[in-house]
There are 2 protein chains.
Amino acid sequence: MYKEIPLISLQRMPVYLNYLKSIPDSEKFVSSGHIAEALGLGEVLVRKDLAYTAAVGRPRVGYVTEELISAIEEFLCFNGKRHAVIIGYGAVGKAILDYGGFGYYGIEVVAAFDSDTDKLGQSPSGKPVYDVADAEAQIARLNAKLAIICVPAPAAQGVADMLVRCGVKAILSFAPATLKTPEGVEVRQIDVAANLAILSSSIK
Amino acid sequence: MYKEIPLISLQRMPVYLNYLKSIPDSEKFVSSGHIAEALGLGEVLVRKDLAYTAAVGRPRVGYVTEELISAIEEFLCFNGKRHAVIIGYGAVGKAILDYGGFGYYGIEVVAAFDSDTDKLGQSPSGKPVYDVADAEAQIARLNAKLAIICVPAPAAQGVADMLVRCGVKAILSFAPATLKTPEGVEVRQIDVAANLAILSSSIK
DNA sequence: CTTATATTGATATTTTATTATCTATATTAT
DNA sequence: ATAATATAGATAATAAAATATCAATATAAG
């Protein structure tokens, strides 16, 4: 009987992964205590998190670093390759469309959409920028179940509604706006200003 | 005796704020139940969070919407105006330097720095882009205690070390790398790919 | 004026997350 | 070969977060 991973543990997985990738290749083994120390977490917490993956550690030795990396990668990419699209080819959309860091998680950002026809064509790395009017057809054709909203806040809900109609199942939004979606369509928000504000309030 | 707000409650403050801002002006009052419903949270949780601010609600009525917005804003901007700088004027740095959403939290992004001298000068909105070689002097002059790291992951730790030397007290990093900073220097990370991966894994 | 009700704010309970403790074991040292 | 030790993995205890309950009260209705 497998227990579903809590979101809070899931969110730490990429943190472990980033840390493990930074370890020199010469370090064949890594212990939970070592990881915990480096990341400022408890070592039991680290072991419990890692227990959700397929990795098994050996007493007195720890985990085989490479095996652990593979286990976390596999855990995070469990669903295999996925296509994502971007709505809004402004500064944020541009930055994300040509960012190379998604492949690592089995995700490919395959296209962007914008309502400004002057922006249509190709990104510097050659990815297509389509008219948002064609989004419904293109998203179906591209089989994208993931979308990233990069439009201004007032337009975000309308875009989300459209994405739901297109069959998108998960939305990452950069717009600082509350999005309402039907059951079965997950939303996550990245509010850069809010993150900075939270940090700022930690300064004495 | 005031109790320090837990990070998890603090993180919900901007969420409340975004929602409250979206309420039409005609709605003079708003109840915790109404907010909870809209955001998918428990109503007691909402009341407890809001109790950290100066807002007081009235039985049978709720909170005065405008008062509540002001109370949360004040709570989040408690430390007054702050300057922030950006290190790395690539696609991400560009997007953030000219993003207008920080003022709302009492934060002003005043400059960016890059090592590529071809990028130096001014942003489209007229903000300066300086040589990173001058960062130490400029950050002191600008009195920036906040910094945003927008360089590739391998360069991030070096930049963080430099920022610490400059007296920066809080760092927001977009680089998917574990950053080590001395006590008293807070770090938050925004890993866009990881966020998308977490979302992706929620799709059945 | 009295009663009913929605809502706050406080307290109690439950659930979830984290940390501590313990047991088993693989490796290393003797 | 034996003993010592570091570490995983399991279980127990604690702490933190979320939710439920309840008393007080301002407003609305009768």
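Mind listing just one residue for me: the one in the range A:79-94 that is more than 9 Å from chain B (Cβ to nearest Cβ) and modelled with pLDDT under 95 and, of those, nearest to DNA strand D (Cβ to nearest atom)?
Top of the filtered list is A:Gly80.
With respect to A:Val30, is the statement that it is surrounded by fewer than 17 Cβ atoms within 10 Å (Cβ to Cβ), in contact (Cβ under 8 Å) with a residue 12 or more places away in the chain and over 28 Å from A:Val164 (Cβ atoms) true?
No, not satisfied.
Can you pull out every residue in the range B:158-204 that is facing chain A (nearest Cβ under 7 Å), under 20 Å from the mean Cα position of the chain (by Cα) and among the β-branched types (Val, Ile, Thr)?
B:Thr178, B:Ile190, B:Val192
Given the criteria touching a residue at least 24 places away in the same chain (Cβ under 8 Å) and over 27 Å from B:Tyr104 (Cβ atoms), does A:Val159 qualify?
For A:Val159, the condition - touching a residue at least 24 places away in the same chain (Cβ under 8 Å) and over 27 Å from B:Tyr104 (Cβ atoms) - is not met.
Which is away from DNA strand D (no atom under 16 Å from the Cβ), within 14 Å of chain A (Cβ to nearest Cβ) and either at pLDDT below 95 or closer than 19 Å to A:Gln189 by Cα (or both), of B:Leu7, B:Leu41, B:Leu97, B:Leu76?
On inspection, the qualifying residue turns out to be B:Leu76.
Considering only residues that are in a helix (DSSP H, G or I) and either away from DNA strand C (no atom under 14 Å from the Cβ) or in contact with a strand residue (DSSP E or B) (Cβ under 9 Å, 6 or more places away or on another chain) (or both), which ones fall in the range A:39-77?
If the condition is that a residue be in a helix (DSSP H, G or I) and either away from DNA strand C (no atom under 14 Å from the Cβ) or in contact with a strand residue (DSSP E or B) (Cβ under 9 Å, 6 or more places away or on another chain) (or both), then A:Leu50, A:Thr65, A:Glu66, A:Leu68, A:Ile69, A:Ser70, A:Ala71, A:Ile72, A:Glu73, A:Glu74, A:Phe75, A:Leu76 are the ones that fit.
The values are calculated or read from the model by the stated rules, or taken from the named source; none is laboratory data. Computed from a prediction, not measured in an experiment: that's the story for all the values here. For neighbour counting, all protein chains shown are included, and Cβ atoms are generated from backbone atoms with ideal geometry for every residue, glycine included.
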